[in-house]
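Here is the structure we will look at, set down as structure tokens.
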Amino acid sequence: MNCNKAQELISQYIDNKLSAQSVSELQKHFEECSKCKQDYIMLKNIKAVLSKTPKKELSSDFTASVMNKIKNENVKKDDNVVMFGSFFNSFKKKMVMAAGFLFIVASSTFFFMHGPTINQQNGDSYASSGMEYYFGYNSYYDSDMDDDDYEEYISMFC
Amino acid sequence: MEDKELIEKIIQGQEDLFSIIIDRYKNKVFSIIYSFCGQTSDCEDIAQNVFIKIFKALPKFKFESEFSTWMYRIVINETITISKKKKHNIVPLDINNSEDEEKSNLIDFLKSNDNTEKELMQKETQKMVQEALAKLKDNYKMVLTLRDIEDYSYEEIAQMMNASVENVKIWIFRARNRLKEILTEGGNLK
């Protein structure tokens, strides 16, 4: 086992999610690689500290307080609630997205029709402008978000 | 009475029965909020608002999944949303401002293979780990809250966050490594 593979497995090892064979291979790797073993110990300690995070009890009148708010404020059901991971599922959201998409297409068309003039003035190449010129660097191109992060970001909503 | 039967009756107008739903889930919901929001004093208010959101959303529940799965997705979304809105009120947490000796002690502690339970619960260690946790991206912070603090399984977290188990594993792996970087190198890395 090499260090890259070992690093991938450490997190699951801490959670007792590895097969017996993987555990055996990982432990053998730890005997040969002090760096990976050290990383394992540190991650294990961080998890242990987090597991001891102080807890707090709810006040005894919590349920009554919520029910009073619901009654006194005449709370209506069916408010706009966004579900985690389903932002794009509702019809309204799809309409907003469609409008946004049309706006982007229209803006891009306008830009690419007029872009060369702007770029010639700035002395930049045409290829380096485009969407980035109009919108600034979007989240995909942000320096702190790589391809993997972007995939994760998208996967949060799809 | 089962959740689904309760929800049907609440939707039909027996709104007082929602108190049973609150009693059934309030401790777990509050615990997630309290852990994610860094043990701030207004967590109970946030939890109340989250339950009101759930009540409002009940007619949207399609009875296609477990009620608890559907409910926890609202809890997680609302917790992240409210936490983002309140971020400007939270005192900035900065490992870099900790004393050199404290940082050095923390690194020694993390490298040690025989820490006692007392050492794990030490106030200063807890504070520094919580500070580092607060620096993580929301989805990383949430998966670690659910896995390491609240002790939910990969499968439960995947359902709660509407993600695949594989994605959850990757998020946990990256979140832990990022947390280690912040704690050992002061959070100046990507």
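Given a 1.4 angstrom probe, what's the average accessible area per residue across chain B, in square angstrom?
On a per-residue basis, chain B sits at 47 Å².
Tally Lys and Arg at +1 and Asp and Glu at -1 over the other residues with C-beta under 10 Å from the C-beta of B:Tyr154: what net charge comes out?
Once positives and negatives cancel, what remains is -1.
With a 1.4 Å probe and all protein chains in place, put B:Thr79, B:Thr40 in order of accessible area, largest first.
So the residues, ranked largest to smallest area, are B:Thr40, B:Thr79.
Where in the stretch B:127-166 is the amide nitrogen less than 12 Å from a point lying 7 Å along the Cα-to-Cβ axis of B:Glu2?
Within reach of a label on B:Glu2, which here means backbone N under 12 Å from a point 7 Å along Cα→Cβ, the stretch B:127-166 contributes nothing.
For A:Glu57 paired with B:Lys9, estimate the spin-label separation in nm (one decimal), with each label point 7 Å from Cα along the Cα-to-Cβ line.
2.9 nm
Determine the principal axes of the Cα atoms in chain B, then give the extent along each, sorted from largest to smallest and rounded to whole angstroms.
On the principal axes, chain B reaches 61, 34, 32 Å in Cα extent.
For chain B, what relative contact order do you get, as a whole percent, if you take Cα pairs closer than 8 Å and at least 6 residues apart?
RCO, chain B: 22 percent.
Place a +1 charge on the Cβ of each Lys and Arg in chain B and a -1 charge on the Cβ of each Asp and Glu, then give the dipole magnitude about the Cα centre in debye, rounded to the nearest 20.
Using only the charged Cβ atoms, the result is roughly 780 debye.
Taking 7 Å along the Cα-to-C-beta vector as the label spot, tell me the A:Cys33-B:Lys137 distance in nanometres, rounded to one decimal.
Here the modelled spin labels are 2.4 nm apart.
For B:Glu64 and B:Ser104, compute 0.36 nm times the residue count separating them, minus their Cα-Cα distance, and round to one decimal in nm.
Using 0.36 nm per residue and subtracting the Cα-Cα distance, I get 9.2 nm.
The values are calculated or read from the model by the stated rules, or taken from the named source; none is laboratory data. Everything numeric in this text was worked out from a predicted model, so none of it was measured. Please note: Cβ atoms are built from the backbone with ideal geometry, for glycine as well, and neighbour counts cover all protein chains shown. Calculation scope for accessible area: heavy atoms of the full protein, side chains included, ligands and nucleic acids excluded. Shrake-Rupley method; radii C 1.70, N 1.55, O 1.52, S 1.80 Å.
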